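Asks: First, the structure itself, so that you have it in front of you.
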């Protein structure tokens, strides 16, 4: 039997408008709205997420937007209008697992790319598969790649808090999470700095 690992434990105190809309548009479960609190939990082996979801949903008044089991990992997102409910559900999961928040993996930034004056042709390519805002030619673009993947949702939310940017895409499932944000050069720089700072402040185990 594979060894259990709490890979991601990412609490978001207040969902921003674009971040909430992206989750709502791309997730099969309950639709979150801006202002809600949410928690992303990622575990390995993947099937363990079913028990995690059972504990969380029975422990507090929270709803799931996402429950994914892929080849290696399982991911759950829960949210509520009340931060206390989300935290209570998370505490119940940790108690069941016999773990603390410190037992999660720390996020590791695999890549951070800043592109100014985006080419119309590259914008066209990215817009073919994006689920968020359109990337416009001439804008600046920041791409962040993070492991474990679900931490990228926290990064995207903090980026939106910090500056007037557009969330082009946010992919939080798999081995790596990827965030694409765009806007003016100054706004994207401010947002990218906030996203990186938020990840670097998180504690946990080294991967």
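The values are calculated or read from the model by the stated rules, or taken from the named source; none is laboratory data. For clarity, every value in this text was computed on a predicted model and none was experimentally measured. Methodologically, a virtual Cβ is constructed for each residue, glycine included, from the backbone with ideal geometry; neighbour enumeration extends over all protein chains shown.
Asks: Residue under question is residue 153, and the condition is that it be in a helix (DSSP H, G or I), touching a residue at least 12 places away in the same chain (Cβ under 8 Å) and at negative phi; does it hold?
Replies: Judged against the criteria, residue 153 is a match.
Asks: Still on this structure: Restricting to region 1-56, name every residue that is part of a helix (DSSP H, G or I), over 18 Å from residue 87 (Cα atoms) and more than 16 Å from the chain's Cα centre (by Cα).
Replies: 48, 50, listed by residue number.
Asks: Something else: What number of residues within region 65-84 satisfy the criterion of being free of Cβ contacts under 8 Å to residues at least 40 places away in the same chain and either surrounded by 19 or more Cβ atoms within 10 Å (Cβ to Cβ) or part of a strand (DSSP E or B) (or both)?
Replies: Residues that pass the stated criteria total 4.
Asks: Could you tell me which numbered condition residue 138 fails, if it satisfies all but one of (1) surrounded by fewer than 22 Cβ atoms within 10 Å (Cβ to Cβ); (2) in contact with a strand residue (DSSP E or B) (Cβ under 8 Å, 6 or more places away or on another chain); (3) over 14 Å from residue 171 (Cβ atoms)?
Replies: (2)
Asks: Report, by residue number, each residue of region 95-126 that is within 19 Å of residue 204 (Cβ to Cβ) and without any contact (Cβ under 8 Å) to a residue 24 or more places away in the chain.
Replies: 95, 98, 100
Asks: Has region 102-115 got any residue that is in contact with a strand residue (DSSP E or B) (Cβ under 8 Å, 6 or more places away or on another chain), in a helix (DSSP H, G or I) and under 27 Å from residue 52 (Cβ atoms)?
Replies: yes
Asks: Let me ask something else. Somewhere in region 156-168, is a residue modelled with pLDDT of 95 or more, assigned by TED's automatic domain parsing to the domain that holds residue 124 and out of contact with any helix residue (DSSP H, G or I) (no Cβ under 8 Å at 6 or more places or on another chain)?
Replies: Scanning region 156-168 turns up no residue that is modelled with pLDDT of 95 or more, assigned by TED's automatic domain parsing to the domain that holds residue 124 and out of contact with any helix residue (DSSP H, G or I) (no Cβ under 8 Å at 6 or more places or on another chain).
Asks: Across region 161-204, what is the total count of residues that are in a helix (DSSP H, G or I) and surrounded by 24 or more Cβ atoms within 10 Å (Cβ to Cβ)?
Replies: The number of residues fulfilling the criteria is 4.
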